[in-house]
Every structure is written in structure tokens, then in C-alpha cells.
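Beneath this line is the structure, given in C-alpha cells, with notes to follow.
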Amino acid sequence: DKSDKYDSRDVERLQQDDKWIENYLIWRHDVVDDTLKMIDESFQWRKEYTVNDLSESVLPKWLFEIGALFLHGYDKEGYKLFWFKVKHHTRDPKQQLEKKKLVAFWLEHYAKRDHGKPLTVVFDMAETGISHIDLDFVRFIVSCFTDYYPNFLTKIVIFEMPWIMNAAFKIVKGWLGPDAISMLKFTNKNDVQEYISGEYLPPHMGGTDSFKYSYPPLVDDDFQTPLCENGPITSEDEHESKEEIDADTKETVEPNEEQNLNQKKMNSVEQISKSEETDKTEIKPKNAKKSLTTFKGPLLHISPAEELYFGSKETGEKKCLIVLTNVAKNTVAFKVRTTAPEKYRVKPSNSSCEPGTSLDIIVSLHGGFAASLQDRFLIMAAEMDQSSGAGVPELTQFWKEVPRTKVMEHRLRCHVVESSKPSSLTLKENAFNIPAKTNEDLHIQLTRLLQINKRLQEQIDRCLWFQQLSVVLSLLSVTVVAFCFYL
């Protein structure tokens, strides 16, 4: 409508981020008018609350120090937990706007970091009473998920709600709507572990999580811990590495040269031919997951987009594949770091990628270790000048000099596959080229089926109309002929 109605950054993202638009459509059941209405309302809200400019520096420090809102841990489905410690919240109209902006800050902080991955809200209502009831604030939190952040909520876990608040939550249910009501999970100490395992629950909820909130720094910043490019090679892993090297030398004399040739042949557009070619020429982890999801960054396209799938001790899958595709004009240097360097080995962890080519990175677990949902990987990338070399000394010097503002960062989580049964999350040795079905793929297929069904229905309607018209014309012809005979 008006140029000043929305933040120009949101409008620009609207024109470029297909995933964002798809989330709006999914949340509004593919009804375009409802989707447009939601986009309009959420964009106006984003500008009113200056969501794109919210940071720690613009919010009062005491809001963070209280610890009423923070992100920490994961539920049993691997979704991030957004905690609301109700006992730390008190009603105060003067502070209401700042507290609402704190909610928006956390949601935007997580959305940018994990690219819209849904999360689970936990209302911890232990030790709460009438003084902590703030329906206006609760309504705002609900509105964030129903109106402003599309397809962003998996469930709302409410722990030990006092009986005195039953009437209040009947009102809250009216705000949620039928879809969101099904996401409400009322729990107590006996059944909360149906949704959240004990390792991410504090002791008063029956868990074993020793986490204690403090600020600064921001809670649950996964990369505050020391980062390492590669873990130490243990004796078990050393033996395993030697076996791999022996197998490699039997198949190829100079794997590095062959890999460089393969990189030049690969093109980011021809994904299918790429996978076929690399299967024939490169040595890859047998049980690696070939993900169809891709993060499209300004320098690199990274696949998978969000999660690396490792097996549990039962499944025994210890290797994953990350595919980097250079979409920049120049060579891109990259580093891969992890929060658990003692557990993982990354090959290569510090290298470069030529323009228009792709590179496979193998992430493997050391012997005896198991992947955890808390483990993270950070991919750092920066564009190099054409005159810069790509050797180890040049890369070392490059990372010392490159400005922080020119470094692209992307984070990947670990996902542990508990079941040993075949599923879309695991990939067998003899089925490396079979694409795994994701929710996104199923949604696209369902949309196509609905469109095909609609077209078939239209064709049937036209056939019926022509049939009825033919019957009417036939009856008229018979009537005319009979009338002529009568005359």
C-alpha cells in the first residue's frame, strides 16, 4: 500500500525467501487471501516493534537478568525449548512493552540463527499464583505464534498449572483457535517426560539438567564454548583410519587430484548428475545421508540445510556428508568447526572451493562416541581475491586478515536416529541415490495432487455439461421430428 507501511528489509525478504512464504501458506492452509492478511498484519507488527533492529543493546539489561524468558535444550522430537518461567514474571503496565520486545527479540534471534526451525514453548508454572497471572502478556506470546511467526510452533507444554488458573486458560484457549488448541499439553512431574527427556528438565520437574540461568552472556549460545576444527585421533580411530586409507589406495593412487577433477565437473544446478558422478569417482561414507534440503547463502549453498543425521549405538551410523556449492564469482575459503571437537573428525575442515564447483565434507564420529542433540557445527565462509592462493599458508593468513563482517556463518545441528528400521532419515549402502522424503517434499507432492484433482474435477464437470446439453438437443430433435410427422 504505502511505502512506509512495512520495513523495507521485510519486503525484500518477502521477494527472495520462498521458504518464508511457504511457511505462511502452510500455516494458513494454502488459502491465499488468509495468507496475505497474515503477512500484512505480521509485517506491520514487525515494523511497530522494530523487530529487525532488536538487540541486547536496545533492551534493558535487567530483562535478561531476571531469566523469565530464554532458549535452552530440546524436546524428544529435537525441537528447541523456549522457556517461560512464570514465577519470575509480574504484571506491570509500564514494563509491558519492553517485555513484549524481549519475546520478539528471542524469537527473531532464534529464527535468524536456525532459519525458522519450529520450537516448543514451555510454561513452567511451578510456584506461581494470582500475582503472576498476566493474560495480556500471555495473549501476546500466543499471537506471536498464531499471527506473526508462521509455522513456528510445535506444541505448548504447560507444567503444573495451579487450579486457580483454570478459568484464565479457558480464555487463552479461545485465542488459540482449533489448530493451536491441539498443541496444548498440560503436564505434571509424572508425565512431562512424555514430551521432554530428563536431561533437559530441571530437578523440580523430575529431570537431571544441572543448567542454571545466568546473564551475560546470552543463554544457550551454542558457540560460546571453545571451537576446534578437528578432534584428536584416538587409538581406535587411528586403526579405523588406516583401514580406510588402505581401501582408498586400492581404488585410486592419487585421490586428491581425482577429487579436484571431480569438483570441476560438478555443477550446482545439475544435482542428480552430480550425485551419480560422485558415487562413481569419490569414496563416501556408506551410511551418509544425502539430504534434499539446501541452505542458500550468498557465498555457499549448504546441504543439508539444518541437521546432520547420525545413528545411535544401536544403528551404528557414524558418518555424515555435507555438500558445499560455491555460488560466488571468486574462490570461497571455508572452515568447519564443532562444539564437540573430542567426538568428531571433519575432512576437509579448512579449505577452499572454486567458483561453480561443489565439495563434499565428511563428518565422522570417533570410535566409542555417540552423537548428541547438543552438538553443533559452524561453517564459516569468506570470498577470496582472485590473486590469493589456496594453499595452507595462504588460507591461514587469509583468516587472520578477513574482516568479521565479510564472513558468512551457518550452523548445523545433530540429529540422532534411534530406530534401526529403514526410514527417510537413514540411507543404506546400496541406495545412495534414492532421495529421502522430507516434509517439504510431501507437502509439494500433496499440493500437486490437489491441483491435479482439481483439474480432473473441472474436466468431469465439463463432460457432464456437454452430456446434458447433448441430451437436451436430442430431445428437441425428436420433438421436432414428431411434430413434423404429426403435421
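Below are the figures for this structure:
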quantity	calculated
Pairwise FRET efficiency - residue 53 versus residue 94, Cβ, R0 = 22 Å, nearest 0.05	0.50
Ranked packing of 190-203, 467-480, 126-139, most packed first, by mean Cβ within 10 Å	190-203, 126-139, 467-480
Cβ-defined net charge surrounding residue 10, 9 Å radius [Lys, Arg +1; Asp, Glu -1]	+2
Antiparallel bridges, percent of DSSP beta bridges restricted to region 54-205 (to nearest 5)	20 percent
Rh (Kirkwood; distinct C-alpha pairs) - region 54-205, Å	15.9 Å
Over region 295-415, volume per residue of the alpha carbon convex hull, in Å³	100 Å³
Cleavage-rule hits, GluC sites (Glu not before Pro), region 29-82, DSSP coil, Cβ neighbours within 10 Å at most 13	77
Where labels lie 7 Å past Cα in the beta-carbon direction, separation of residue 464 and residue 191 in nm	4.6 nm
Point-to-point label distance, residue 199-residue 451, nm (Cα→Cβ direction, 7 Å offset)	4.2 nm
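Throughout, read-outs are computed from the coordinates displayed, never taken from laboratory work. If you're wondering where the values come from, they're calculated on a predicted model, not measured in any experiment. Reconstructed Cβ throughout: ideal geometry from the backbone, glycine too, with neighbour counts over all protein chains shown.
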